[in-house]
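Worksheet for the structure shown next.
Every number in this text was worked out from the coordinates using simple rules, so none of it is lab data. Not measured: the values here are computed from a predicted model. When we count neighbours, we look across all protein chains shown, and the Cβ atoms used for this are built from the backbone with ideal geometry, even at glycine.
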Amino acid sequence: MINAIKKLFGFGSKTDMAALIANGAVIIDVRSPAEYASGHISNSVNIPLGSLQSRL
């Protein structure tokens, strides 16, 4: 239970995004375009959450 709470609040082990991308992962950033423009992971794709929800 404590480990789940730590992960929820970002206290768990850090994820190596570069390694994930090198192995074929696609990072999808669901923030607004303005938030994405203010800073994001290199090579990530911005698909705002609202646009995903409207397709369900």
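Using the 2.2 N^0.38 Å rule of thumb for compact globular proteins, work out how the chain stacks up: its C-alpha Rg over that value, please. The partial results should precede the final answer.
Details: Rg = 13.8 Å, N = 56, 2.2 N^0.38 = 10.2 Å.
Cα-based Rg divided by the globular estimate yields 1.36.
Mean separation of Cα pairs under 8 Å and 6 or more residues apart, divided by the residue count, gives the chain a relative contact order of 27 percent. Phi angles across the stretch 21-29 convert, under the Karplus curve 6.51 cos²θ - 1.76 cosθ + 1.60 with θ = phi - 60°, into 3J(HN,Hα) values of 5, 4, 8, x, 6, 10, 8, 9, 9 Hz, Gly and Pro given as x. Projecting the Cα atoms of ILE27, ILE2, ALA37 onto the charge dipole of the chain, computed from C-beta unit charges around the Cα centre, puts ILE2 farthest toward the positive end. Amide H contacts of ASN46 (H built 1.01 Å from N, in plane; Pro and chain starts excluded): ASP29 sit under 5 Å, all sequence-distant by 5 or more or on other chains.
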